Amino acid sequence: MFTFSLTVVRHGETQYNREKLLQGQGVDTSLSETGVQQGEAVGQHLKDITFCNVFASNLQRAVQTAEIILRNSTHCSGTEMLLEPLLRERGFGVAEGRHKEDLKNMANAAGQSCRDFTPPGGETLDQVKLRFKKFLEVLFKRMLEEHGSSGPAASSSGASASREAAHGTAAAASDVPPGGSADDGLQGVSVHALVVSHGAYIRVAIKHLVEDLKCTVPAGVKDSQLFSPCPNTGISRFILTLSQSESGPVLSAARCVFTNRKRHLENLPAAE
């Protein structure tokens with residue numbers, strides 16, 4: 001049994017975000033001035049966490065955000081960042097570059113909700129989920145290969161501790177405050193991974209972890225909170241326990257610590 005933490009961060013604001021324009025994969029913009037400030041804020045918030053592995057979408061806004069986080073880090077200045085196309089934003093096809101209202105109008109015309117609608121040339125939610133599942137395979141394999149043979153969580157004597165760290169108890173989960181601190185959920189876990197991705201992708205990822213992989217969630221937290229839109233540089237965290245099987249790494253237990261946290265942005269001007 002091997003346990004590690006997965007911290008997921010959405011990229012900082014871009015001018016397209018501010019103007020409520022869809023970027024998807026075809027519009028590859030950099031961060032706005034506000035987005036850079038948000039990146040600095042989340043970097044300062046996470047600076048004392050030693051991320052052993054860092055994965056980022058290879059779109060500019062995610063790469064730039066990950067670079068700012070690493071630059072602010074007390075421990076991770078030499079950590080390699082792996083650019084991963086599987087973490088790219090959902091493709092919105094013909095709607096990319098257009099206002100979000102245009103997407104709503106297309107969905108209405110098709111008699112569908114905006115969230116479930118796939119514009120021509122875009123990715124379905126199931127296709128995005130498949131990309132995330134493939135990323136999890138990459139993540140699990142890499143984490144086990146690089147860290148699974150060392151540390152207390154990998155030993156047989158640490159198996160019980162690994163399960164406890166992954167599952168937690170209802171009381172412990174409910175003790176995590178809404179604002180919380182940067183190291184919430186990390187007690188007893190020594191290996192940490194960071195992922196920097198995109199809003200629509202992160203929502204699909206969280207739903208897959210919670211609904212399909214039966215990840216335990218904090219007591220009293222509603223689905224509307226868990227699956228709410230992730231703000232720019234919003235933070236989500238999961239504690240995952242893996243075991244090795246003949247077919248490869250298997251997820252044995254998973255716990256959601258929190259989703260879409262944005263306390264680090266309190267002192268910044270509100271983004272549009």
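So the values come out like this:
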item	result
Every residue from segment 50-68 that is open to solvent by 10 Å² or more (accessible area, probe 1.4 Å) and in contact with a helix residue (DSSP H, G or I) (Cβ under 6 Å, 6 or more places away or on another chain)	58
Contacts under 7 angstrom Cβ, first residue in segment 40-62 being among the β-branched types (Val, Ile, Thr) and at pLDDT 95 or above, partner open to solvent by less than 10 Å² (accessible area, probe 1.4 Å) and assigned to a strand (DSSP E or B), 6 or more apart	42/9; 42/235; 54/194
Residues located in segment 69-85, provided they are hydrophobic (A, V, I, L, M, F, W, C) and either open to solvent by 50 Å² or more (accessible area, probe 1.4 Å) or out of contact with any Ser or Thr (no Cβ under 8 Å at 6 or more places or on another chain) (or both)	69, 81, 82, 83
Helices (runs of 4 or more DSSP H) within segment 36-153 that include 1 or more residues under 22 Å from the mean Cα position of the chain (by Cα) and of a type in the set (Ser, Thr, Tyr)	60-72
Among (1) open to solvent by 10 Å² or more (accessible area, probe 1.4 Å); (2) closer than 24 Å to residue 115 by Cα, the one test that residue 44 misses	(2)
Residue check for residue 255: within 10 Å of the chain's Cα centre (by Cα) and of a type outside the set (S, T, N, Q)	no
Test: residue in segment 253-268 that is over 30 Å from residue 41 (Cβ atoms), among the small types (Gly, Ala, Ser), touching a residue at least 60 places away in the same chain (Cβ under 8 Å) and open to solvent by 10 Å² or more (accessible area, probe 1.4 Å)	no
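The values are calculated or read from the model by the stated rules, or taken from the named source; none is laboratory data. Owing to the predicted nature of the structure, the values given are computational and were not obtained by experimental measurement. Glycine gets a Cβ as well: all are built from the backbone with ideal geometry, and neighbour counts include every protein chain shown. Surface accessibility is based on the protein's heavy atoms, side chains included, excluding ligands, DNA and RNA. Shrake-Rupley method; radii C 1.70, N 1.55, O 1.52, S 1.80 Å.
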